[in-house]
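Notes follow the structure.
The values are calculated or read from the model by the stated rules, or taken from the named source; none is laboratory data. Since this is a predicted model, take the numbers as computed values, not measurements. Positions of Cβ are backbone-derived with ideal geometry, glycine not excepted, and every protein chain shown enters the neighbour counts. In case anyone asks, the SASA skips ligands and DNA or RNA and just uses the protein heavy atoms, side chains included. Shrake-Rupley method; radii C 1.70, N 1.55, O 1.52, S 1.80 Å.
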Number of protein chains: 4
Amino acid sequence: MLTIAGTTFQSHLLLGSGKFHSALQMQQAVIASGTELVTLALKRLQPGQPQDDIYSPLKALGVQLLPNTSGARTAEEAVQAALLAREAVGTNWLKLEIHPEPKYLLPDPRETLKAAEQLCALGFVVLPYCSADPLHCKQLEQAGCAAVMPLAAPIGSNQGLQNRAMLEIIIEQANVPVIIDAGIGAPSDATLALELGASAVLVNTAIASSRDPVRMAQAFRLAVEAGVCSQQAGLGRKQLLADPSSPLQASFAQVLAGLS
Amino acid sequence: MLTIAGTTFQSHLLLGSGKFHSALQMQQAVIASGTELVTLALKRLQPGQPQDDIYSPLKALGVQLLPNTSGARTAEEAVQAALLAREAVGTNWLKLEIHPEPKYLLPDPRETLKAAEQLCALGFVVLPYCSADPLHCKQLEQAGCAAVMPLAAPIGSNQGLQNRAMLEIIIEQANVPVIIDAGIGAPSDATLALELGASAVLVNTAIASSRDPVRMAQAFRLAVEAGVCSQQAGLGRKQLLADPSSPLQASFAQVLAGLS
Amino acid sequence: MLTIAGTTFQSHLLLGSGKFHSALQMQQAVIASGTELVTLALKRLQPGQPQDDIYSPLKALGVQLLPNTSGARTAEEAVQAALLAREAVGTNWLKLEIHPEPKYLLPDPRETLKAAEQLCALGFVVLPYCSADPLHCKQLEQAGCAAVMPLAAPIGSNQGLQNRAMLEIIIEQANVPVIIDAGIGAPSDATLALELGASAVLVNTAIASSRDPVRMAQAFRLAVEAGVCSQQAGLGRKQLLADPSSPLQASFAQVLAGLS
Amino acid sequence: MLTIAGTTFQSHLLLGSGKFHSALQMQQAVIASGTELVTLALKRLQPGQPQDDIYSPLKALGVQLLPNTSGARTAEEAVQAALLAREAVGTNWLKLEIHPEPKYLLPDPRETLKAAEQLCALGFVVLPYCSADPLHCKQLEQAGCAAVMPLAAPIGSNQGLQNRAMLEIIIEQANVPVIIDAGIGAPSDATLALELGASAVLVNTAIASSRDPVRMAQAFRLAVEAGVCSQQAGLGRKQLLADPSSPLQASFAQVLAGLS
């Protein structure tokens, strides 16, 4: 079970709602993934409008909505958007995203921390998309964030756990859930993230840009469940030498004798 | 579905039966894993004996048995063992293992190919544990092997897909199932192997040496199912640059305006 | 050539002066490495004292000294130390290090940026040890830093370029020299850092903790020179398929005929 | 020093002579690399012919020639070519290459072993290009080969040490020099190969396909020398935690006090 700000989820998979071909495909992927927490871009929100292809379809599924501030370039823009979103979407949960740089969409640590401090003070449940920087994550936690969402690799790059060494330290030191965000390109990446001790992963591009997004959503559901089971069971130790699955013995002739 | 020598299996996971604490634990792990094909060391076989803790327990589960020649150091030893096994176990399926070197238990390519040629001629369904060497795998296939089982890393090392570059070429060129054997240390390794196009994986140490083997068997079941789904859905392309999940736009101010 | 704040160096290798067995060994390693820029911990400085085993020995070699604030936990401590150092060491060059966390000695991005802004305003030539976070590095550059020194892996861990994906983005976007600091464990890591486009590397533990520090210093000198040459020559493209070094031809028989 | 079949070389770098733009460029690269052992394809040999752009230019440099059987698809073809080459080139040294598969040019282990046995019996000094398969390498050694040349990755792919785990075992177990061949794409790969304990590396594509082959040859010379020095000095241990270069202390205030 995943607990964020006192709310408990069965699924350890968060989904992004962008890039799908249609609202229906997005809904089917959400269902197939088993997710209970879906992020949606404020800039795409048009609640009540006929062209609304995100908000109402998600609302209809009964999942917890997590509006994000994607597109904001400063703390000021993000805070302003968050306040408006709280009204429009009717939730104080917020995925804080501030990435002023268009090429890699990397988060701005200074502005993110500044906005997180303000938004926590304003009563938001803040989940910040952030650098895989252990001290920065600790400061976001101290600012009151309900989780931290360090990136595995640039958004949409499908490169997997490029920042693994730092993610492991973040996981070791965190007192809030660590949700690996951005760059998860394959179900095996999601399983690995959970095996390393992450609380959850957020996936969007790898599902939406697949040839069959609904089937891929199912693959991620299974992969995340595998990771959770694996965490519970405990991985064996890596070792350099071989370790025979069955005991070796001096003479194979004895084996043959035993069988004949 | 996995088809080997005309026999079809729902599960893409093969299990080894060594290293478990008890016959009961082994049985429970087999069930939790969903496997239908279990390998057992001929040298541990004592059918009909009171101390038989492998053969009868597996037989009781109704899975396909795959006796292996672990411990054989030459083609001659392996062939001799195989002939005796066919009588004792009552199957012509055979996992051919020839690893004369005790430290890493790596397969001997010359002896393996020689034994494979003889065993295929003798009517065995041969699945050889072998080097991650594309031309060697092709020669085993040409000798009549029903599958090839290249190693990911030394047996029991839990190191994962160390030979990835060669495994990808083997998979690309094979006309028989490629079953990744040895070294699979975590469920994420299994998912990755399937994503790369492998037909199946064989796991033993990673499950049996886990703190909770039954739970870990379940983790591998889910991981392999995730890999199969992922193969079917098709992975997105890796890329260097970010790819925003939702379209960026010139001015975030418009977003704010839209929400207010 | 490496140019920092208008000063030009032939060598692209910076050395740390800690962990050596003696002042003499440290001096010999400095000479063997070819470095012209050596960092020394302010907390170990005892200029004019008989037990001074760092400052005077380095001064005697004529290298540019780069005092560092290792041990500082806040911007305030770092700035205070820098002001005292400027007097004691007689240079306004400063390696800014703020790492309040004792286990991994990772830099604090908030305090580092704050101190960098103050120190640049005070006329220091600031080279900050920092996270491998592209936007943070850009902000340090905008604060007036003469270079950025992102970490490859935790200090002294010898793990090599763990943060490679982010380091490549930092290098691409920087307008000041990027000096890879911390975690460089082997000469091959140094060569790779230069091949990726870094301007220089800083090494300490890998040399000082080697069995033969002077020989290892020479190894790093060669490795860094190899990296510089490699940058100049331009690496070939990686590719999946083989590319024969000599053209293949239809018939090897012709070859044989040509030779006979 | 590198000793092969009783002959000693100062350089641990072997060069291939294919793919250069001109004989002159090839000669300059050979000189810049410091190599004393250069391989040349028998199929390109035209000694005494006016279009000879390989044999005579190399002969003029006084390096040891190592003819190779590139293009041979069977042991028979390779042996036949070797016999002709011994006459034509005037050396019994031979780089044995048998790669019937055109896409990745991977070596055929069965044919290579067979040809090695015959050629060693015929008095050749045999250096076989071979799979990164430890038992296969051991069998080649037992057949009398003067060295083994396992591949790092497909020829010309510039992918670097893809087969690292197996190469480390080969190096550990070999009693003849291990020369890493094929796939070395950058000087850092060469340094790493030496650090892992290889005796030498063979490079061709990475130099010849560089923008500036002569400069790149120099880069590889330095990189290989760095690797040799590094082997001699002994690398420090990798570790997870940080290890401060200078001792941490309870209070930085004491530092400040000491400086003021």
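What's the total accessible area buried between chains D and C, using a 1.4 Å probe, rounded to the nearest 100 Å²? Walk me through the numbers on the way to the answer.
Working: alone 12900 and 12900 Å², together 19700 Å².
What D and C bury together is about 6100 Å².
Using the alpha-carbon atoms, what tilt in degrees (0 to 90, nearest 10) does helix A:213-233 show relative to the longest principal axis of chain A? With both axes taken from Cα atoms, the answer is about 60 degrees. Between C:THR7 and any residue 5 or more places off or on another chain, the built amide H atoms are never under 5 Å apart.
Taking the protein heavy atoms of chain C in the context of the full set of protein chains, the accessible area attributed to carbon and sulfur is 49 percent at 1.4 Å. Partner shielding of A:98-110 amounts to 6, given as the average count of beta-carbon atoms from other chains within 10 Å of each residue beta-carbon.
From the square roots a ≥ b ≥ c of the eigenvalues of the alpha-carbon gyration tensor of the protein assembly as shown, which class results: rounded (a/c under 1.5), prolate (a/b over b/c), or oblate? Please list the in-between numbers first.
Values: a/c = 1.83, a/b = 1.16, b/c = 1.58.
It comes out oblate by the Cα gyration axes.
What FRET efficiency comes out for D:ASN92 versus A:ALA60 if R0 is 56 angstrom and r is the Cβ-Cβ distance? Round to the nearest 0.05. It would help to have the intermediate numbers written out before the result.
Numbers: r = 80 Å, r/R0 = 1.43.
In this case the efficiency is close to 0.10.
Phi angles of the stretch A:158-163 translate, via the Karplus equation with coefficients 6.51, -1.76, 1.60 and θ = phi - 60°, into HN-Hα couplings of 6, 7, x, 7, 5, 9 Hz per residue; Gly and Pro are given as x. For the protein assembly as shown, DSSP calls about 10 percent of its internal beta bridges antiparallel.
The residues of the stretch B:1-27 occluded by other protein chains by 30 Å² or more of accessible area, set against the chain on its own, are B:LYS19; surface from heavy atoms, 1.4 Å probe.
Among chain B residues, the beta-carbon with the smallest distance to the axis carrying B onto C is reported, with distance in whole Å, as B:LYS238, 7.
Take each residue of peptide C:182-194, count the partner chain Cβ atoms within 10 Å of its Cβ, and average: the result is 6. Once you've got the GNM for chain D with C-alpha springs shorter than 10 Å, pick whichever of D:GLY236, D:GLY16, D:GLY197 has the biggest mean-square fluctuation. Fluctuation is largest for D:GLY236.
The same position B:THR74 in the other copies lies at 2.9, 7.7, 8.2 nm from this copy, comparing label points 7 Å beyond Cα toward the beta-carbon, shortest first.
In order along the stretch C:124-139, phi translates into HN-Hα couplings of 7, 8, 9, 10, x, 6, 8, 4, 7, 10, x, 6, 4, 4, 5, 5 Hz, rounded to whole numbers, per the Karplus curve 6.51 cos²θ - 1.76 cosθ + 1.60 with θ = phi - 60° and x for Gly and Pro. Taken as Cα centroids, the stretch D:190-217 and the stretch D:66-123 sit 23 Å apart, rounded to the nearest whole angstrom.
Counting only heavy atoms of protein chains, what accessible area per residue, in Å², does the stretch B:2-236 have with a probe of 1.4 Å? Write out the running numbers ahead of the final one.
On the way: 7110 Å² over 235 residues.
Ligands and nucleic acids excluded, the result is 30 Å² per residue.
Between copies, the label points of C:LEU24, set 7 Å from Cα on the Cα→Cβ line, lie 5.3, 7.0, 8.4 nm apart, reported in increasing order to one decimal in nanometres. For C:LEU196, no residue has an amide H sitting under 5 Å from its own, ignoring neighbours fewer than 5 places away on the same chain, with H placed 1.01 Å from N. Near A:GLU36, the amide H atoms lying under 5 Å from its own belong to A:SER11, A:LEU13; only residues 5 or more places off or on other chains count, and H is placed 1.01 Å from N.
Quick one: of the DSSP bridges fully inside chain B, what percent are antiparallel, nearest 5?
Working: 3 of 25 bridges.
Of those bridges, close to 10 percent are antiparallel.
Across peptide D:66-73, the average count of Cβ atoms from other chains found within 10 Å of a residue's Cβ is 3. Panel note: contact residues of the stretch C:28-46 (accessible area lowered by at least 40 Å² against the chain on its own; 1.4 Å probe) correspond to C:LYS43. With the label put 7 angstrom out from Cα along the Cα-to-Cβ vector, B:GLN10 ends up 2.1, 7.1, 7.4 nm from the copy partners, going from closest to farthest.
Return the calculated 222 nm mean residue ellipticity for chain C, to the nearest 500 deg cm²/dmol, obtained by summing -39500 (n - 2.57) across DSSP H runs with n ≥ 4 and dividing by the residue count.
Values: 10 runs with 107 residues, N = 260.
Counting only the DSSP helices, I get -12500 deg cm²/dmol.
Across the stretch C:2-235, the relative contact order, built from alpha-carbon pairs under 8 Å that are at least six residues apart, equals 20 percent.
Converting phi to 3J(HN,Hα) with the Karplus coefficients 6.51, -1.76 and 1.60 and the offset θ = phi - 60°, the stretch D:192-203 yields 4, 4, 5, 4, 6, x, 4, 7, 6, 10, 10, 10 Hz in sequence order, with x at every glycine or proline. Counting only lysines at least 8 places from D:LYS138 when in the same chain, those with an alpha carbon closer than 22 Å to its own are B:LYS103, B:LYS114, B:LYS138, D:LYS95, D:LYS114.
For a test of the definition: using alpha carbon positions, the gyration tensor, and the 1.5 limit on a/c, classify chain C as rounded, prolate or oblate. Prolate shape, in that a/c is at least 1.5 and a/b is the bigger ratio.
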